Ligand SMILES: [Zn+2]
Ligand SMILES: [Zn+2]
């Protein structure tokens, strides 16, 4: 094996140092097609937003709010806004069509409290999954100087991503939407307009869990209210006409069923991936990995040690770092 440090762009054999330093500019041709591609490569899909001034209005101040990760992808933004609208619709129907006209105040208070708590947790999980850097690798650091500064020993190699010119750590994959390499990338989810990776998988799992719970809860309340209305012959059970109430309820039942099943399956898949310490991409590629206990795998996603904070989207987990970027050959 070559004794000098090597760089490998893909799964093929190692490449030479000179090749890394000659990767920029990538497109030297002046053809319009290639020019367009160069522009796309140079334009940033990920921008850092400054929320600090906005949050200071509410008395909250934190330095991390100055550089908030945001993916500028139209499809993802539309899907994320659509998710908020669906939650808003469910909230409106549950509060103003169902619970406000229930005969028992205790029933309304109890279900209203539970539904709103889980809705708040679902929205918070969604926002944190969306605005958290999923574990992006610094872009363009695979230069000759950058690699030299790692001080590689004989027989050690690093992998280079040919698309974002970054030194690729173990288990990192390139996302074509974010145009970045993401540590422990599971998949890019348009519903949260972000990649699901090492830093935000906890929030994504919680998002699927809480959406599944509010879907089942809304389904239960909608069906029982429908039965209640029919038994009362639609008298005093709603502030609207029976057809309008029926339409609102049918849409809520449809939404609850659809998203309850979808997020339930997603939650199960995610938990199985977390327990087996295997990302979605690794499962597809059937990559062999060192076996780790389920408990340790869970802690590497939800934080260390186990506590009630595992279920809170407001607490940032402490990670067991996976910084490996060297490969021995
Ligand atoms: Zn990359
Ligand atoms: Zn992505």
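The values are calculated or read from the model by the stated rules, or taken from the named source; none is laboratory data. What you see is a predicted model, and the numbers here were worked out from it, not measured in a lab. We place every Cβ from the backbone using ideal geometry, glycine too, and count neighbours over all the protein chains shown.
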Inset, instruction - Take residue 96 and decide whether it is away from ligand 1 (no atom under 16 Å from the Cβ) and in contact with a strand residue (DSSP E or B) (Cβ under 7 Å, 6 or more places away or on another chain). - result: no
Legend entry - Residue that is surrounded by the fewest Cβ atoms within 10 Å (Cβ to Cβ), among those in the stretch 174-190 that are within 8 Å of ligand 1 (Cβ to nearest atom) and either closer than 11 Å to residue 137 by Cβ or at pLDDT 95 or above (or both): 174
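When residues of the stretch 124-147 are filtered for being farther than 20 Å from residue 199 by Cβ and in a loop (DSSP other than H, G, I, E, B), how many remain?
Result for the stretch 124-147: 3.
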Inset, instruction - From (1) in contact with a strand residue (DSSP E or B) (Cβ under 9 Å, 6 or more places away or on another chain); (2) over 18 Å from residue 280 (Cβ atoms); (3) within 11 Å of ligand 1 (Cβ to nearest atom), pick out the condition that doesn't hold for residue 152. - result: (3)
Inset, instruction - Would you be able to say whether some residue in the stretch 155-163 is closer than 15 Å to residue 138 by Cα, away from ligand 2 (no atom under 16 Å from the Cβ) and assigned to a loop (DSSP other than H, G, I, E, B)? - result: yes
Inset, instruction - Specify which of the listed residues (113, 150, 121) is in contact (Cβ under 8 Å) with a residue 24 or more places away in the chain and part of a helix (DSSP H, G or I). - result: 121
Inset, instruction - Consider only pairs whose beta carbons are under 7 Å apart and that are at least six residues apart or on different chains; among these, list those whose first residue lies in the stretch 168-194 and is farther than 12 Å from residue 204 by Cα and in contact (Cβ under 8 Å) with a residue 24 or more places away in the chain and whose second residue is part of a strand (DSSP E or B) and away from ligand 1 (no atom under 14 Å from the Cβ). - result: 177/71; 178/71
Legend entry - Residue check, residue 237 in contact with a helix residue (DSSP H, G or I) (Cβ under 9 Å, 6 or more places away or on another chain), away from ligand 2 (no atom under 16 Å from the Cβ) and free of Cβ contacts under 8 Å to residues at least 60 places away in the same chain: no
